[in-house]
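Below is one structure, written out as structure tokens; comments come after it.
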Amino acid sequence: MQPKNEPTFRQSVDMMFNRAVAKMDLPPGLEEKIRVCNATYTVRFGVRLRGQIQTFVGYRSVHSEHMEPVKGGIRYATEVNQDEVEALAALMTYKCALVEAPFGGSKGGLCIDPRQYEEHELELITRRFAYELAKRDLIHPSQNVPAPDMGTGEREMAWIADQYARMNTTDINARACVTGKPLNAGGISGRVEATGRGVQYALREFFRDPKGLEKAGLTGKLDGKRVIIQGLGNVGYHAAKFLSEEDGCKITGIIERDGALVNEAGLNVENVREWIVANGGVTGYPDATHHAEGAAVLGAACDILIPAALEGVINLGNAAGIQAPLIIEAANGPITAGADEILREKGIVIIPDMYANAGGVTVSYFEWVKNLSHIRFGRMQRRQEEARHQLVIDELERLDRYLGDAWSMTPEFKTKYLRGADELELVRSGLDDTMRVAYQSMRDVWHERGDVEDLRTAAYLVSITKVAASYRAKGL
Ligand code: GLU
């Protein structure tokens, strides 16, 4: 629970924005224009379920239309409220600007506990919500493109896409009205794990920045680093899985709704996930110590702390007790403005949300482009690329006959080299490049400007500069 003296989520985002903007030279009017949310729509609609009409409340907030369409997920949770969607929409604006996804920021939410409903009921509710938004152009390929967020996934996006297509039967670009769809409904390979993959790429890039590592008091590589992860949902699960299976990190703690698992030797992420799916929580998992008071584990000793669930989990109440030298915000807004200040004073380095979890929207951008171009990535080039590689291999093999055994190619090299990139590989390459370039743009500001002490401020400076430039170009 967040202490009562804490500002709201939206105020917290505004405070961080203000801190950065104070270091810029923007005309005050423009500063205000960028900060405020342009519009928030509340829709109330009824759905006949179990013999009676139930009324649902949903939101879609549009923060900035300096680029269109605006982009951002739709969240299903009982706590959804206007303040929250506005904060999340603002973060989308800054996130898209930072990673150069050509979108404005938006976010939606429906006040609902999805676990209380059957699948066919959720479909009715989702289609009705989509109808309400689509008829106001709040779902539209060139105006407003939602995506998954907490409590929603591929299934909901497929319903939304189909609902929009039914309402716009002649729109050839209908599929581009929403991203995060399943592959068979116009989705793209690698979208489900994209946010977690982005967290992995972000950490890899951070570990290529010696000055950044020094500021965090860390040395060496990701290999062997002790990681605590809060929330094993879609983002947390994939981040923890990739970091442990591919980079040698040890997942020493996993915090979930019903407590935390701790094992200094490292937890098997796949096994924990299976346990949660089968048992509804982490309680009873055999290969770890279970702590009923899960949140306390946020303060346990580790190298990297990854809050990957809700906003406000690190707040005025617990910030002073955090021991991790490096925090990467896989969730949106997990650290309140007050906590951010305390952590900064403690010398903790924070890789901010607008960068750390931008992998999702980045791959959403690729999916949107795929939908508009009506062709899978790699379809035209792949075999041509393979044929050209074959030419090189043939030529090397011809030379090989003169050079003798010492020069022959290994069969593994040949197979790897010959294979042209498929969609998944292209998506990963595009995501990796995006995460590297965006980190470098923040890093330069962080290390080179004497008045910028943290990565969050650097991230805001980079993104606000871009948003301001596009408003200026529009004549504002
Ligand atoms: N909901 C995700 C986010 O917070 C993804 C948004 C998108 O793909 O548009 O970034």
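The values are calculated or read from the model by the stated rules, or taken from the named source; none is laboratory data. The model shown is predicted, which means the values in this text are computed figures rather than measured ones. Methodologically, a virtual Cβ is constructed for each residue, glycine included, from the backbone with ideal geometry; neighbour enumeration extends over all protein chains shown.
A few points about this structure:
- Of all residues making up the stretch 346-391, the number that are outside any helix (DSSP H, G or I), surrounded by 15 or more Cβ atoms within 10 Å (Cβ to Cβ) and either free of Cβ contacts under 8 Å to residues at least 12 places away in the same chain or within 10 Å of the ligand (Cβ to nearest atom) (or both): 2
- Conditions (1) within 21 Å of the chain's Cα centre (by Cα); (2) more than 28 Å from V178 (Cα to Cα); number of the one not met by G359: (2)
Listed here are the residues, each with its yes/no results for (1) over 19 Å from the mean Cα position of the chain (by Cα); (2) outside any helix (DSSP H, G or I); (3) within 17 Å of G294 (Cβ to Cβ); (4) not charged (D, E, K, R).
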| site | (1), (2), (3), (4) |
| --- | --- |
| V227 | no, yes, yes, yes |
| L232 | no, yes, yes, yes |
| Y237 | no, no, yes, yes |
| G253 | yes, yes, yes, yes |
| L261 | yes, yes, yes, yes |
| E270 | yes, no, no, no |
| R273 | yes, no, yes, no |
| V277 | yes, no, no, yes |
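- Only residues that are buried (at least 17 other Cβ atoms within 10 Å of the Cβ) and outside any loop (DSSP other than H, G, I, E, B) were counted across the stretch 186-221, and they come to 17.
- Pick from the stretch 314-336, criterion more than 23 Å from R443 (Cβ to Cβ) and either within 16 Å of the ligand (Cβ to nearest atom) or among the small types (G, A, S) (or both), ranking: surrounded by the most Cβ atoms within 10 Å (Cβ to Cβ): A319
- Within the stretch 41-58, the set of residues being of a type in the set (V, I, T) and loosely packed, with under 11 Cβ neighbours inside 10 Å comprises I53, T55.
- For beta carbons closer than 6 Å, sequence separation of 6+ or different chains, a first residue in the stretch 449-471 that is touching a residue at least 12 places away in the same chain (Cβ under 8 Å) and a second that is among the hydroxyl-bearing types (S, T, Y), the qualifying pairs are A459/Y355; V462/S441; S463/Y94.
- Residue satisfying condition, being closer than 30 Å to P146 by Cβ and in contact with a Cys (Cβ under 6 Å, 6 or more places away or on another chain), within set L232, L243, L203: L243
- When residues of the stretch 104-130 are limited to those that are of a type in the set (S, T, Y) and more than 15 Å from the ligand (Cβ to nearest atom), the one nearest to N173 (Cα to Cα): T126
- I188 vs. criteria within 16 Å of the ligand (Cβ to nearest atom) and modelled with pLDDT of 95 or more: yes
- Only one of the listed residues (L122, L138) is in a loop (DSSP other than H, G, I, E, B) and surrounded by 18 or more Cβ atoms within 10 Å (Cβ to Cβ). That residue is L138.
- Selection within the stretch 379-413 - modelled with pLDDT under 95 and of a type in the set (G, A, S): G404, A406, S408
- Among the residues of the stretch 131-150, those identified as farther than 17 Å from G109 by Cβ and either within 15 Å of the ligand (Cβ to nearest atom) or of a type in the set (G, A, S) (or both) are H140, P141, S142, Q143.
- Any hit, the stretch 163-183, residues being surrounded by fewer than 16 Cβ atoms within 10 Å (Cβ to Cβ), touching a residue at least 12 places away in the same chain (Cβ under 8 Å) and closer than 16 Å to Y59 by Cβ: no
- Cβ-Cβ distances below 8 Å connect the following pairs, each with a first residue in the stretch 118-134 that is small (G, A, S), a second residue that is not in a helix (DSSP H, G or I), and a separation of six or more residues or different chains: A130/I139; A134/H140; A134/N168.
- Considering only residues in the stretch 326-356 that are β-branched (V, I, T) and more than 16 Å from V99 (Cα to Cα), the one that is nearest to the chain's Cα centre (by Cα) turns out to be I328.
- Residue in the stretch 296-308 that is buried (at least 23 other Cβ atoms within 10 Å of the Cβ), of a type outside the set (V, I, T), within 13 Å of the ligand (Cβ to nearest atom) and more than 22 Å from V272 (Cβ to Cβ) present: no
- Residue in the stretch 165-176 that is in contact with a Leu (Cβ under 7 Å, 6 or more places away or on another chain) and within 16 Å of the ligand (Cβ to nearest atom) present: yes
- Of all the numbered requirements in (1) in a helix (DSSP H, G or I); (2) surrounded by fewer than 23 Cβ atoms within 10 Å (Cβ to Cβ), A101 misses one, and that requirement is (1).
One line per residue, one yes/no per condition, for (1) closer than 21 Å to K474 by Cβ; (2) in a helix (DSSP H, G or I); (3) in contact (Cβ under 8 Å) with a residue 40 or more places away in the chain; (4) within 13 Å of the ligand (Cβ to nearest atom):
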{"position": "V47", "(1), (2), (3), (4)": "no, no, yes, no"}
{"position": "G58", "(1), (2), (3), (4)": "no, no, yes, no"}
{"position": "I74", "(1), (2), (3), (4)": "no, no, yes, yes"}
{"position": "E79", "(1), (2), (3), (4)": "no, no, no, no"}
{"position": "A90", "(1), (2), (3), (4)": "yes, yes, yes, yes"}
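Okay, residues lined up against (1) buried (at least 16 other Cβ atoms within 10 Å of the Cβ); (2) among the acidic types (D, E); (3) farther than 30 Å from G29 by Cβ; (4) more than 22 Å from the chain's Cα centre (by Cα):
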| residue | (1), (2), (3), (4) |
| --- | --- |
| L424 | no, no, yes, no |
| G430 | yes, no, yes, no |
| H447 | no, no, yes, yes |
| L455 | yes, no, no, no |
| A459 | yes, no, no, no |
